[in-house]
Structure formats: structure tokens, C-alpha cells
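The values are calculated or read from the model by the stated rules, or taken from the named source; none is laboratory data. Computed from a predicted model, the values in this text were never measured in an experiment. Cβ placement follows ideal geometry from the backbone for every residue including glycine, while neighbour counts extend to all protein chains displayed. The area values use the complete protein model at the heavy-atom level, side chains included, leaving out ligands, DNA and RNA. Shrake-Rupley method; radii C 1.70, N 1.55, O 1.52, S 1.80 Å.
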Amino acid sequence: MNIGVVLRQVPDLIEPLEVDASGTALDLSAATFVVNETDDHALEQALLLKESGGGTVTVVALDFGEVDNTLYTAAAKGADRILKLAWDESQSPTPHRAAAALAEALRTLAPDLVLVGVQAHDELDGALAPLLAARLGWPYVGVIRGVKQAAEGGSVVVCKEFPGAVMARLVVRLPAVLGILGAEQPPRYVPVSRIRAAMKSTRFEEAAHAAGTGPAGIAVTHMAPPPAGARAEMIAGSDTEVAQRIVEILAQKGLLK
Amino acid sequence: MSGSDILVLAEVHRGTLADITFELLAAARGLVGGSGGEVVALVLSENGAAFAPALGAADRILLVDHSALANYAPEPFLAALAEVVTARSPRAVLIGATSIGWDLAPLLAARLDAPLALGCKAISAEDSALAVTASFCGGKMVAELRIDRAPAVLMVLPGSFRAAEAAGKAQVEPCTLSASLEPAAIRFEEFLLPEAGDVDITQQDILVAVGRGIQQKENIELAEQLAQVLGGAVCASRPVVDQGWLPTTRQVGKSGMTVRPKLYLAFGISGAPEHQEGMKNSELIVAVNTDPRAPIFDIAHYGAQVDALELLPALVEAIGARKG
Ligand SMILES: Cc1cc2nc3c(=O)[nH]c(=O)nc-3n(C[C@H](O)[C@H](O)[C@H](O)COP(=O)(O)OP(=O)(O)OC[C@H]3O[C@@H](n4cnc5c(N)ncnc54)[C@H](O)[C@@H]3O)c2cc1C
Ligand SMILES: Nc1ncnc2c1ncn2[C@@H]1O[C@H](COP(=O)(O)O)[C@@H](O)[C@H]1O
């Protein structure tokens, strides 16, 4: 099975997020980027499928948000090909713009299966994975944890998560796009030495892609961190002091038996 | 039905209406206001009439009954939803940010080339537009959106609206569609239920919850020790379960359990909306996180900005000292 995987860079939420001068968009020039977590799971799932059933894994990414390190890491983990699509850094890769570019490259690649993270935390007016499916004209299902080759050829068996740790097993005829929430195993670790080696041996390929426009009829009028509303009463002090205060609170509420 | 109607996708999960349905109906009621529009609930199901009596908060209940809708598969659900929305031209379609909603809302918007907003927490109707407050970046950013094209497809975060009471006209209207609803490329096979035998975290009075901030599998032992002295159990956010450090039955949140203990102690959990929806109604929430901007502090009653790995043993010791 030949699998296409999309990797996106997103602002790291550990760092403070800033809003730009327009007041309606994230200031991406101030952000530190990391690979989108569910995309990282999509890559892991693709590598697991390749290891169990053969085929290839091709990563497709926009050249945005310090993506090179993520791509070398993907190569070190076992991705066979890396397509890096030229991108104007001044343009934020909104889901609609990104979908237009990535769909074009994926159409040419013509994989059997496309795995994409079901969500990226910076998505607001579109979700990339279903947009890609719509552009490719392929079926889509998301919130998937675990993909396996089906006994019948040309299909995969997926688990879709529902509340209460319930899963639904679905059979998906290929080609298809899947929105991955989790891989069957946590994303693998590769030592830095292997990433360094990948930096020397990996050649990023370019691919033709189309420009897209955002959706019509929707606009951001204001953006800000959430207002400090009913915030928690913060307990200050050393670890011991904080612990003692929490224990007092629990005792007062009758929670210490 | 008119262009000022608000359509709500009623969600049926394993034979019952999901709670989100009633929250969406409340949101819809707030939007129709004095516009003369109706709150319309759409039930996509097999034998959907059985759910009509519970949908008294709607003015109209549209039933699409079909064997292909007995269990969820995206294609027949999308075909039915798209046909109803096209035929009835509502002002907005409200869909929950659930497992099904994460498929159907973006797919519907893509099919109809309609505007889509994710993470909706508040929605109001202005003259010619809808104003939407949407949460993103794991709850660390809020955007105000203006949508001036119908239908607006709004994916609503669970827990954002108080469930609606029965107050509508509740007229039931069966629908016949022209679209073929036979499942095509994606076929539902069966539900897989979690293995029984583990602790049922929904039945615990005290939960010690650990998130990615716990850093290593070995550190879960620190939480176990605290749970033991408190007489509670350990639960977790998704990344901890993804790592295989705890079973899925211990996960709290959208795909995990919804809990309402007397005490929820959160260690190293940022408080993303998907986690909050499973625990925000806990009676007492105490959150420990090194990041003062962590959204968990927005819903916690008490918070401390300290290292969870240091505080866990300090708490065990303080409780031990108190018990003597
Ligand atoms: C469809 C869908 C369903 C989902 N379902 C669920 C679900 O059921 N449950 C769920 O939890 N998530 C779910 N998620 C994932 C959710 O969006 C978040 O990614 C997840 O909740 C984050 O978990 P976390 O808070 O542990 O990790 P992070 O967001 O990474 O937060 C870790 C926190 O630990 C803090 N920290 C780090 N070190 C320390 C330390 N030493 N001491 C104290 N604090 C520290 C950091 O400041 C940070 O705030 C779902 C997502 C999607 C898209
Ligand atoms: N050495 C590495 N080995 C494997 N994955 C890595 C490595 N470095 C970074 N990554 C990936 O990049 C993501 C972000 O990592 P970090 O930069 O440590 O926050 C992780 O989820 C990893 O999947």
C-alpha cells in the first residue's frame, strides 16, 4: 500500500501565543513551531502499516514554520519520500489554502491512502483532513485510532473513537482519506544521530501545487487570549506550603478520610 | 421552513440521544429569537420516531428513517444531511464537536461550499450576520467570527450551552429523500466496548488526574500513591493513554469518560476543551500546572503554579502527617 502522510507545523502551545497588529490573526512570526501532534500519529500509523504490509510512505508538507527538522525526523523514522511544497512564509497556511496546495500534490502522487491528523489546534474556519478528501473526491472518516489492512484487498479496517472508550470498527474501501487521532502505538523515538544522518542523505522533492483561497462569508473580527473570568484561586508558596494549604482545603470540605 | 430557521443535528449514539443535542437546541433557541424562524431538529436514524418525544425543545422534528442510518457511516449521513440542508435553506446548521460532528460539519461545509466555524462557544444573531465566539489553540485563544453567508455550519463545543427544556411546538415531519443512502466506500461493522475489569473512574469520589506534564511512565506511581492515601483512583488525559501508560478506561474527556467526582486533582493537564468536557462538572477541581496560562485554571476552583512531580510527594507527606 502506498500511503501519503501530511505533516503540518503548528505554534507550540507551551510558548505564549501572540496576536498580530491586525488584532485578528495569530502572530506567527513570534511563534515557535512543532509538528502537529495528530499528524505525528498519522505518520506513525503509516509507518506501522508499511512495516506490516509493505508499500511506501510519502510525506507531503508545506515549506512553512521551520518544517525541515520535522521532515528529517520523518525520514529518519522511515518515510521513503518527502515532498516539500514551496510556500510563501508571509501567508498563513489556513486549512483552505493548505488543502488546495496539498490536494494538488496528492492527486499527482496518487497514493492508495492518505493519513492526516484529524485536527490541528490552530484550525478555526476549516479542517484540513476532510477538505483534502473533498478536493480529491475521496471518502473520508476521522477521529480514527488504529488502521489495519483488511483481509479483502483494497480496503482497510479502522477504529473510530466514540465517548466512553467505545470504538466503532469500520471498513474503508480505498482510495480514502483518514483523519487520524491516534496511531496504534505512540510515535516512535529516533535518536538525534539518526536525524543527523537523515539530514545528509535525504533529498526533499518539490511538487506542483495550486493556490487556494479562504472560505467566503466568514471573517475573524477579533482575536485574543480568553478573558480571565472565574479563574482559580491560586495558592502561592513552596511545595510544602502549597501541599499543606491543599490538605487544609480538603479537610474543610470533608474530603480527607 | 424559512431562511431564518436554525437546524440542529440531533445525535443518536448507541440507541440514545446524546446530551449535546439538547445543548444545540438551546443554542438554536437563542438564535431564532423574534425572527419568526423555527428551531428544527433533524434525526438521522432507523426508527427515529422513537426519539421525537424527547425533542420537545424543537419547533419541528424532521425524521429521516433509513436502515442505512442505523449505525454511523459518513456517506449516508452526509448525503441525508446535505439534502435536507439544501432543501430547507436554514440560516445555520448546529452540529456538536463530537466524533460524528468532526466528520459531518466539515464535510457538509465542503460539500455546500458553506462557511464553517469550529470550537463555537457562543453564538448570537445580528441583523444580517451571525457572531460566533470560537475557542482554539487548545483553549488558549478566542476568536470572534462574523458569518454573513447562509447556511453557516457551526461545530459547537460540548458544555457551552445549558441543555434546553421542552418548550417548542415539536411538530413531527417525516422526510423522504431522493439521495441514495446506501453505504458506499465506508461500512460500519460493530462497536467495540472497553474491556471490563478495570476501575470504573465514573464511580469514584476522588480522582487524581495526570497529563503530559507527568513526563514519564514511572511518575504515575507518584499519583497512585496520592490516590491511595486519598481513597481515590488515578485517571488521565489523552496523551498519557496514547503512550500506553494507562488503559483507555482511565481517559477523561471527549473520547474517554465523563466524570463528576467530589474532588478532581489535575496534575500537568493543560485543560484543552476535549479534556474539560469530561470533567468540568466535578464538584471541586484543584489544578497543578507550571504554566500560569493553562486553560485548566479557568475552570479549577483552586490552582497552584508548581511542579507536579514535586507537589505529588509533598501532598502524600502532608496527608500522612495530618493523619498521624
Ligand atoms: C476528537 C478529539 C478527541 C479528544 N479526546 C480527548 C479526551 O477524551 N481526553 C483528553 O484529555 N484529550 C482529548 N483530546 C486531546 C486534547 O485536545 C488535548 O490534546 C489533550 O487533552 C492534552 O492533554 P494534556 O493536557 O495532558 O497535555 P498538554 O496539553 O501537552 O498539557 C500538558 C500540561 O502540563 C504542564 N506541565 C508540564 N510539566 C509540568 C510539571 N512538571 N508540573 C506541572 N505541570 C506541568 C504544561 O504546562 C501543560 O499545560 C482529543 C482531541 C481530539 C481532536
Ligand atoms: N529525536 C526525535 N525522535 C523522534 N521524534 C522526534 C524527535 N525530535 C522531535 N520529534 C518529533 O517532534 C515532535 C515534537 O517534539 P519536541 O520538539 O520534542 O517538542 C514529537 O512529538 C516527536 O514526534
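Region B:232-263 to region B:69-99: how many Å between their Cα centroids?
31
Under a GNM of chain A (C-alpha, springs under 10 Å), which listed residue has the highest mean-square fluctuation: A:Ala208, A:Ala103, A:Ala120?
Answer for the Gaussian network model of chain A: A:Ala208.
Name the residue farthest towards the positive end of the dipole of region A:121-199 from the options A:Phe162, A:Ala150, A:Gly182, assuming +1 on Cβ of Lys and Arg, -1 on Cβ of Asp and Glu, about the Cα centre.
A:Ala150
If you place +1 on the Cβ of every Lys and Arg, -1 on the Cβ of every Asp and Glu, and leave all else neutral, what size is the dipole of region B:214-324 about its Cα centre, to the nearest 20 Debye? Don't skip to the end; give the middle numbers.
Working: 10 positive and 12 negative charges, 73 e Å.
So the dipole magnitude of region B:214-324 works out to roughly 360 debye.
If I take R0 = 25 Å and measure r between the Cβ atoms of B:Arg212 and B:Thr16 in this structure, what FRET efficiency does the formula 1/(1 + (r/R0)^6) give, to the nearest 0.05?
Numbers: r = 33 Å, r/R0 = 1.30.
Given R0 = 25 Å and the Cβ-Cβ separation, E is 0.15.
How far is helix A:192-201 tilted off the main Cα axis of chain A, in degrees rounded to 10, range 0 to 90?
30
So, taking all protein chains as they sit and a 1.4 Å probe, how much accessible area belongs to B:Thr248, in Å² rounded to tens?
Surface accessible to solvent at B:Thr248 totals approximately 50 Å².
Kindly identify region B:226-305 as rounded, prolate or oblate by the Cα gyration tensor criterion: order the square roots of the eigenvalues as a ≥ b ≥ c, call it rounded if a/c is under 1.5, otherwise compare a/b with b/c, prolate if a/b is larger, else oblate.
Numbers: a/c = 1.38, a/b = 1.18, b/c = 1.17.
Rounded, because the longest to shortest axis ratio a/c is under 1.5.
Please compute the alpha carbon radius of gyration of region A:1-150, then divide it by the globular-protein estimate 2.2 N^0.38 Å. Two decimals is fine.
Details: Rg = 15.1 Å, N = 150, 2.2 N^0.38 = 14.8 Å.
Here the answer is 1.02, to two decimals.
Taking a virtual spin label 7 Å from the Cα of A:Ser193 along the C-beta vector, which residues in region A:54-80 bring their backbone nitrogen under 18 Å of it?
Only A:73, A:76-78 pass the distance filter.
When a/c reaches 1.5 or more, the comparison of a/b and b/c decides; with that in mind, is region A:89-194 rounded, prolate or oblate per its Cα gyration tensor?
Working: a/c = 1.43, a/b = 1.25, b/c = 1.15.
Note, shape of region A:89-194 comes out rounded.
I want to check the label-to-label distance for A:Glu206 and B:Asp65. Put each point 7 Å from Cα in the C-beta direction and report it in nm to one decimal.
6.1
Based on the Cβ-Cβ distance from B:Glu46 to A:Gln185, what FRET efficiency comes out when R0 is 41 Å, to the nearest 0.05? Don't jump to the answer; show the numbers that get you there.
Values: r = 36 Å, r/R0 = 0.88.
E between B:Glu46 and A:Gln185, to the nearest 0.05, is 0.70.
Suppose each label sits 7 Å from its Cα in the direction of the beta carbon; what would the A:Asp80-B:Ala54 distance come out to in nanometres?
Between A:Asp80 and B:Ala54, the simple spin-label model gives 4.8 nm.
Return the average number of partner chain Cβ atoms within 10 angstrom of each residue Cβ along peptide B:144-151. Provide the component values of the computation, followed by the final result.
Numbers: counts 7, 9, 6, 5, 4, 4, 1, 1.
Average neighbour count from other chains, rounded to a whole number: 5.
Please say if region A:1-81 is rounded, prolate or oblate, where rounded means a/c under 1.5 for a ≥ b ≥ c the square roots of the C-alpha gyration tensor eigenvalues, and otherwise the choice is prolate for a/b larger than b/c and oblate otherwise? Working shown, then result.
Details: a/c = 3.04, a/b = 2.91, b/c = 1.05.
Prolate.
Return the distance in nm (one decimal) between the two label points of a simple spin-label model at A:Glu15 and B:Ala196, each offset 7 Å from Cα along Cα→Cβ.
The two pseudo-label positions are separated by 5.0 nm.
Just add up the charged neighbours of A:Leu109: K/R +1, D/E -1, any other residue whose Cβ is under 11 Å from the Cβ of A:Leu109.
Working: positive: A:Arg81, A:Arg107; negative: A:Glu104, A:Asp112, A:Glu205.
After counting each charged neighbour, the total is -1.
If you count the DSSP beta bridges with both ends in chain B, what percent of them are antiparallel, to the nearest 5? Could the numbers behind the result be given before it?
On the way: 14 of 59 bridges.
Expressed as a percentage, antiparallel bridges in chain B total about 25.
Tell me, what is the percent relative contact order of region B:164-258, built from C-alpha pairs under 8 Å that lie six or more residues apart? Walk me through the numbers on the way to the answer.
Working: 92 pairs, mean separation 23.2, N = 95.
Computed over region B:164-258, the figure is 24 percent.
What is the dipole size for the protein assembly as shown, taken about its Cα centre, with +1 at each Lys and Arg Cβ and -1 at each Asp and Glu Cβ, in debye to the nearest 20? Could you put the intermediate results ahead of the total?
Details: 46 positive and 67 negative charges, 100 e Å.
Charge dipole, the protein assembly as shown, about its Cα centre: 480 debye, nearest 20.
Towards the positive end of the charge dipole of chain B, with charges on Cβ (+1 Lys, Arg; -1 Asp, Glu), say which of B:Ala125, B:Ser67, B:Ala266 has the farthest Cα.
So the residue furthest toward the plus end is B:Ala125.
Counting alpha carbon pairs within less than 8 Å and at least 6 residues apart, what relative contact order, in whole percent, applies to region A:1-134?
On the way: 231 pairs, mean separation 44.1, N = 134.
33 percent.
Kirkwood hydrodynamic radius of chain B from all distinct Cα pairs, in Å? Can you show the working numbers first?
Working: mean 1/r = 0.0472 Å⁻¹.
Taking every pair of different Cα atoms in chain B, averaging 1/r and inverting gives 21.2 Å.
Where does each of B:284-296, A:122-134, B:219-231 land if you order them by average Cβ count within 10 Å, highest first?
Working: B:284-296: 22.2, A:122-134: 26.3, B:219-231: 18.2.
Highest mean packing first, the order is A:122-134, B:284-296, B:219-231.
Nearest 5 is fine: what % of DSSP beta bridges in the protein assembly as shown come out antiparallel, could you say? Write down the numbers at each step before the final one.
Numbers: 42 of 114 bridges.
Of the beta bridges lying entirely in the protein assembly as shown, close to 35 percent run antiparallel.
Please report, in whole Å, how far the alpha carbons of region A:162-257 spread along each principal axis, starting with the longest.
Largest to smallest, the principal-axis extents are 65, 48, 36 Å.
How big is the antiparallel share of DSSP beta bridges in region A:110-257, given as a percent to the nearest 5? Before the final figure, lay out the partial values.
Values: 12 of 22 bridges.
So the antiparallel bridges amount to about 55 percent of the total.
For region B:65-183, state the average projected area of the convex hull of the C-alpha atoms over all orientations, rounded to one decimal in nm².
On the way: hull surface 34.2 nm².
Result: 8.5 nm².
Toward the positive end of the charge dipole of region A:1-89, about the Cα centre and with charges on Cβ (Lys, Arg +1; Asp, Glu -1), which of A:Thr70, A:Ala21, A:Val60 goes farthest?
After comparing all options, I get A:Val60.
Divide by every residue of the protein assembly as shown the summed helix terms, -39500 (n - 2.57) for each DSSP H run of at least 4, and state the resulting mean residue ellipticity at 222 nm, rounded to the nearest 500 deg cm²/dmol.
Details: 14 runs with 155 residues, N = 581.
Estimated from H runs of four or more residues: -8000 deg cm²/dmol.
Can you tell me the alpha carbon radius of gyration of chain A divided by the globular rule-of-thumb value 2.2 N^0.38 Å? Can you show the working numbers first?
Values: Rg = 21.3 Å, N = 257, 2.2 N^0.38 = 18.1 Å.
In units of the 2.2 N^0.38 Å rule of thumb, it is 1.17.
Distance between the C-alpha centers of region A:80-125 and region B:179-202? Whole Å please.
What the calculation gives is 29 Å, centre to centre.
Return one quarter of the surface area of the convex hull spanned by the alpha-carbon atoms of region B:1-93, equal to its mean projected area, in nm². Kindly include the intermediate steps, with their values, before the conclusion.
On the way: hull surface 21.2 nm².
Dividing the Cα hull surface by four gives the mean projection, 5.3 nm².
Check each of the GluC sites (Glu not before Pro) in region B:247-317 and keep only those in coil by DSSP with at most 14 other C-beta atoms within 10 angstrom; list them in order. Don't jump to the answer; show the numbers that get you there.
Details: sites: B:Glu274, B:Glu277, B:Glu283, B:Glu310, B:Glu317; in loops: B:Glu277, B:Glu283.
Those satisfying the criteria are B:Glu283.
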